[in-house]
Number of protein chains: 2
Amino acid sequence: MKRLILCLPLMAGNAWAAEELMQKAQALFKPIPTEPPDIRSTPVTPERVELGKMLYFDPRLSRSWMISCNSCHNLALGGVDLEQTSIGHGWQKGPRNAPTVLNSVFNAAQFWDGRAADLQTQAKGPLQASVEMNNTPERLQETLNTIPGYVDRFKKAFPNEPDPANFDNLAKAIEAFEATLITPNSPFDRYLKGDEKALSDAEKKGLALFMEKGCSNCHNGINIGGNGYFPFGVVEKPGAEILPEKDKGRFTVTNTASDEYVFKVPSLRNIVLTPPYFHSGQVWDLKQAVAVMGTAQLGAKLTDPEIDSVVAFLRALTGDQPRIELPILPAHTKDTPLPIVEVTPEGTVKPEGKGNH
Amino acid sequence: MKRLILCLPLMAGNAWAAEELMQKAQALFKPIPTEPPDIRSTPVTPERVELGKMLYFDPRLSRSWMISCNSCHNLALGGVDLEQTSIGHGWQKGPRNAPTVLNSVFNAAQFWDGRAADLQTQAKGPLQASVEMNNTPERLQETLNTIPGYVDRFKKAFPNEPDPANFDNLAKAIEAFEATLITPNSPFDRYLKGDEKALSDAEKKGLALFMEKGCSNCHNGINIGGNGYFPFGVVEKPGAEILPEKDKGRFTVTNTASDEYVFKVPSLRNIVLTPPYFHSGQVWDLKQAVAVMGTAQLGAKLTDPEIDSVVAFLRALTGDQPRIELPILPAHTKDTPLPIVEVTPEGTVKPEGKGNH
């Protein structure tokens, strides 16, 4: 009897007919499209995308001229910085792990606590956060308007606007570029589109387990996550090293008691590329992260073979990384505000970790 | 009589026949070739260049995983960081301004004091400098050998070597990539190749002045600099804000009294893209830099029109910037040494600014 119970999950996984497994998966998940999606807020025109790319790589958007969007969301490294929490102005450490920018356009909201409805709202956060780029809208506007190469491009990207090189359009252009940062064509995407052979047997077993065990209750949809909020520790709270007591997650956004330690479910797309894991960035090993999820969220102590199996499936979520030509940035002029690298009193970490991931 | 003297330089400039000006320039300067040059130390094979590009952009070569070669020698910004002196590990400020990587393969030696004979020797400096990337050869070797994607590429780039992913080959690969970072086809290069119309009249007047006044005594050759050593302040020492007393330049390399405050003549290629100027990075305005050079090196107080004229010529030294596709970097493994962002006691600025530009 004992033996039978232990074997059940795997038997169930194996027992599913190939067709049934694919149908269940297709009902729960959606493939990444091969073209950037429309976004609600701003048209993804070629002019905006190209301008947004330049801005994304320009460290002059930070107070110090040292930090660009790409510093923490590095497109050479899966759209992350591989740090527990990001390092910003004055080598200050932010309170949360930087989520990947890749496929973030498909998230229902941005930041770990979902406090930004879209990518243009998100982009305004790190630009101003004292522990990140530590800039101000006024100074940014002055910077953009004293770089003629930018003024021209803002005019073309936002035609018929009297003063296009402004903070809002800066965020819109970055959003337009970020909307193109998608990773189609992972083995799992090809499987979802009907290619039975795109996943190995081990990966299919992992997919079956991922659905059976309940991982897909939270991690589903196009981003296999990114579309809902759940408490970290539904069943059992992990230790304070993984879930620091001070960071109450979505509670700071909604001020609702039931939102304490509630976080946006992160996307599992390209997950093997983006350690360390969780909002605290405290877990480097994907196997350990899967084990923590088992106990904390599902109340299930997953066996080693089960964990290996789920990880095999997660490895099949890595898609084609965007190929980006580094932009050549326009020269500043004598009127451009010069970099300030000093850490001033206002450059200290704000309470509540506002303005961070 | 007074009026005549004041007019002499411009008259001389105007008086030169077009053919004579071009011949004088061709005798003093050489155009940037359109193809990367051979380098003495290592073959520039496609495998080494591609590997070197990956390493150049990989922040995991730093102790913190925060700083790559491209952080201070940003290929989106003329190969520099636009900082007075670079910011490194723990937000420490280095003692000298970061020279551009562009065309650096044509310099006779590297660093402001010429202490590295070639780019592979240079590359080893910032990797280890405590105020820059703060890493060690041993740790780097461990990092490279625990990233399978790198091990494979080192094998292909350095065939028939038993243990190719080592510190020396790391530097050789970076050197091979850097040798490709050249900027041909500036207006002045086209002029040197015989295109009389490549320079405007104003730029030609500046070129004539540049040679007449003696700028080209130090700034000549393919890099219009980069090939000799001269004291900063041949005629008149600039103030301590521009020439800090503590940094004795080449004296720390040769320990010879006559080398006090001697520096390598910087290249003027792409000079409008690479402020601030001088080893101290204290001058942001190119006109001011030209004026300082006039008094300090030539004992000549250049007039405003003369300075404008020289700057017009300097603007014609901007060539085609290298177009680089951002590499997709290979994933690390559980055996890779993790980033250390803390600033430890050994992470303090070393005396004499060793290990810096």
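The values are calculated or read from the model by the stated rules, or taken from the named source; none is laboratory data. Quick caveat, the model's predicted, so the values are computed rather than measured. Here the Cβ positions follow ideal geometry from the backbone for every residue, glycine too, while neighbour counts run over all protein chains shown. Side chains are part of the model used for accessible areas, which takes the heavy atoms of the whole protein and leaves out ligands, DNA and RNA. Shrake-Rupley method; radii C 1.70, N 1.55, O 1.52, S 1.80 Å.
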>> Around residue B:245, under 11 Å between beta carbons, what's the net of Lys plus Arg minus Asp minus Glu among the other residues?
In response: 0
> Put simply, what bits of segment A:44-83 lose 50 Å² or more of accessible area when the other protein chains are there, versus the chain on its own (1.4 Å probe)?
Replying inline: A:66, A:76, A:77, A:82, A:83
>> Tell me the net charge near residue B:25. Cut-off is 14 Å between Cβ atoms, residue B:25 excluded, with +1 for each Lys or Arg and -1 for each Asp or Glu.
In response: -1
> Tell me, what is the Rg over Rh of segment B:46-180, with Rh the Kirkwood radius over Cα pairs?
Replying inline: 0.95
> Using a Förster distance of 45 Å, how high is the FRET efficiency between residue A:308 and residue A:254, based on the Cβ-Cβ distance and rounded to 0.05?
Replying inline: 0.75
>> Quick query: amide H of residue A:277 versus all other amide H atoms, modeled in the peptide plane; which residues come in under 5 Å with a sequence gap of 5 or more or a different chain?
In response: A:282, A:283, A:284
>> Filter B:53/B:213; A:213/A:264; A:172/A:334 down to the pairs with a C-alpha to C-alpha distance above 30 Å, please.
In response: B:53/B:213
>> With respect to the axis carrying B onto A, what is the closest chain B residue by Cβ position, and how many angstrom separate it from the axis?
In response: B:91, 2
>> Checking the a/c ratio against 1.5 first, then a/b against b/c, what shape does the Cα gyration tensor give for segment B:164-268?
In response: oblate
> Just counting partner chain Cβ atoms within 10 Å, what average do the residues of peptide B:320-330 show around their Cβ?
Replying inline: 5
> For segment A:300-332 and segment B:106-126, what is the separation of their Cα centres, given in Å?
Replying inline: 37 Å
>> Probe of 1.4 angstrom, ligands and nucleic acids ignored: what's the accessible area per residue over the protein assembly as shown, in square angstrom?
In response: 41 Å²
>> With a 1.4 Å probe, what is the total accessible area buried between chains B and A, in Å² rounded to the nearest 100?
In response: 3400 Å²
> Of all the accessible heavy-atom surface of segment B:46-180, with the other protein chains kept in place and a 1.4 Å probe, what percent is carbon and sulfur?
Replying inline: 50 percent
> What is the P(r) of segment A:286-345, as percent of Cα-Cα pairs per 5 Å bin from 0?
Replying inline: 4, 13, 13, 10, 7, 6, 6, 8, 11, 11, 7, 4, 1
> Under a point spin-label approximation (7 Å from Cα along Cα-to-Cβ), what is the residue A:240-residue B:163 distance to one decimal in nm?
Replying inline: 4.5 nm
> Separation of segment A:26-53 and segment A:266-289 by C-alpha centroid, Å?
Replying inline: 25 Å
>> Can you compute the label reach from residue B:284? Point 7 Å from Cα along the Cβ direction, backbone N cut-off under 15 Å, restricted to segment A:130-165.
In response: A:139-148
> Measuring from a point 7 Å out along Cα→Cβ, what nm distances, shortest first, does residue B:33 have to its partners in the other copies?
Replying inline: 4.9
